[in-house]
Amino acid sequence: MTLPERMATVLATELGENTADVVCRHVCAKFGAEDGCESAVLQQVGDFLRRGLVAYVGADRARELADLCLAAAARPA
C-alpha cells in the first residue's frame, strides 16, 4: 500500500473513498511525499491537510485526522 493510499484510508470515513484518494494523491504529489521521505515533508503534508479539512470537519477533528494521517504515513508499506 502506498503512502497516499494509507492516508486515504484515514480520510475515507469523513470524505468518502474517492475524494479521500484524490486529496491524498494530490497532496503527496504537491509536497513530494512518498514512503521513506523526511519527517519535515510529512509535517508539511499534515499541516496542509489540517488547514484544508477545517472547513469540512471543524478545527478539532481536522487536527485529529491530520495526526492520524501522519501516523498512517509512519507505518511501513
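A short reminder: the numbers here are calculations on the coordinates, not readings from a lab. Here the structure is a predicted model, which is why all the values come from computation and not from measurement. Note that each Cβ is placed from the backbone with ideal geometry, even for glycine, and that neighbours are counted across all protein chains shown.
Descriptive notes on the structure:
- Inter-residue pairs, beta-carbon under 8 Å, first in contact (Cβ under 8 Å) with a residue 24 or more places away in the chain and in the stretch 64-77, second of a type in the set (A, V, I, L, M) and not in a helix (DSSP H, G or I), 6+ apart: A73/A33; A77/M1
- When restricted to residues that are in a helix (DSSP H, G or I) and either of a type in the set (A, V, I, L, M, F, W, C) or free of Cβ contacts under 8 Å to residues at least 24 places away in the same chain (or both), the stretch 1-60 contains 41.
- Within the stretch 28-55, the set of residues being aliphatic (A, V, I, L, M) and either surrounded by fewer than 18 Cβ atoms within 10 Å (Cβ to Cβ) or closer than 14 Å to D67 by Cβ (or both) comprises A29, A40, V41, L42, V45, L49, L53, V54, A55.
- Residues satisfying the stated conditions in the stretch 56-65, i.e. crowded, with 18+ Cβ neighbours inside 10 Å and more than 11 Å from A8 (Cα to Cα): A62
- For the stretch 28-55, the set of residues classified as within 13 Å of A72 (Cβ to Cβ) and within 12 Å of the chain's Cα centre (by Cα) consists of C28, A33, L42, V45, G46, L49, listed by residue number.
- Candidate set from the stretch 5-27 (those that are touching a Leu at 6+ places or on another chain (Cβ under 7 Å) and more than 13 Å from A72 (Cα to Cα)); member that is surrounded by the most Cβ atoms within 10 Å (Cβ to Cβ): A20
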